[in-house]
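Here the structure is laid out as structure tokens; the discussion comes afterwards.
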């Protein structure tokens, strides 16, 4: 847990070249990530079920507090890889069943949620090195490939191929540029 959080802080340092303590005190995304990393480590641990449930109660309370003051909802049951970066805080909603790979960036206003009906109902699975722009909505039982870029204000309801950029409502492929310039 602390190793993953240390890698998260490292990514924030890459962007700002600022001291880790200063980042911890000033970056709301790191506050949310810190609570998420602790809560998730308890949730996935092999400790007895009753103890895990008891420990998750203060985690839920702290998670809700962070959600209220930052507008960032990172449920402990979501699977979020290391080096996760939240560019700006506010209006970020991630479904409890979402899967997000390593080294991903999301901006303010992003929703990663459930959509669809019957067998098509579900939550996105997001690959590694994915960039999701401001106010993008990624919903449904879809896969976002490694290195994908989702442009600002896009609505993504279908799979996105690796190393491509999608944009629009609904989102469509606009080119074969990957996320290397954004991550």
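Every number in this text was worked out from the coordinates using simple rules, so none of it is lab data. Being a predicted model, the structure only gives us computed values, none of them experimental. As a convention, Cβ positions derive from the backbone with ideal geometry for all residues, glycine included, and neighbour counts pool all protein chains shown.
When DSSP beta bridges are limited to those with both residues in the chain, what percentage is antiparallel, rounded to the nearest 5?
Here the share of antiparallel DSSP bridges comes out near 15 percent.
If I model a spin label at residue 180 and residue 1 as a point 7 Å from the Cα along the Cα→Cβ vector, what separation in nanometres do I get?
Between residue 180 and residue 1, the simple spin-label model gives 3.7 nm.
Roughly what angle does helix 2-16 make with the longest principal axis of the chain, taking Cα atoms, 0 to 90 degrees, to the nearest 10?
For helix 2-16, the angle is close to 50 degrees.
Using Cβ contacts closer than 10 Å as the measure, can you line up 104, 59 from fewest to most?
Ascending number of Cβ neighbours within 10 Å: 59, 104.
Estimate the FRET efficiency between residue 173 and residue 77 by the formula 1/(1 + (r/R0)^6), using the beta-carbon distance for r and 35 Å for R0, to the nearest 0.05.
0.65
According to the square roots a ≥ b ≥ c of the eigenvalues of the Cα gyration tensor, what is the shape class of the range 1-70, taking rounded for a/c under 1.5, prolate for a/b larger than b/c otherwise, and oblate for the remainder?
Because a/c hits 1.5 or more and a/b fails to exceed b/c, the range 1-70 counts as oblate.
How many nm separate the modelled label positions at residue 13 and residue 62, each set 7 Å beyond the Cα in the direction of the Cβ?
Inter-label distance under the simple model: 2.2 nm.
Hey, rough spin-label estimate for residue 161 and residue 50, points 7 angstrom out along Cα→Cβ, what's it come to in nanometres?
Modelled inter-label distance: 5.5 nm.
Only helical DSSP H runs with n ≥ 4 go in: add -39500 (n - 2.57) per run for the chain, normalise by residue count and round the 222 nm mean residue ellipticity to 500 deg cm²/dmol.
Computed ellipticity for the chain at 222 nm equals -10500 deg cm²/dmol.
For the chain, take the alpha-carbon Rg, divide it by the Kirkwood Rh, and send me Rg/Rh.
Rounded to two decimals, Rg/Rh equals 0.97.
Only Cα pairs within less than 10 Å get springs; with that Gaussian network setup on the chain, which residue of 80, 117, 142 has the largest fluctuation?
Of 80, 117, 142, the most mobile in the Gaussian network model is 117.
Round to the nearest 10 and give me the degree value, 0 to 90, for the angle of helix 49-70's Cα axis relative to the longest principal axis of the chain.
For helix 49-70, the angle is close to 60 degrees.
What is the distance in Å between the Cα centres of the range 65-123 and the range 1-35?
Cα centroid to Cα centroid, the span is 17 Å.
If the chain between residue 141 and residue 21 were fully stretched, how many nm would it gain, using 0.36 nm times the residue separation less the Cα-Cα distance?
Contour length minus the Cα-Cα distance gives 39.4 nm.
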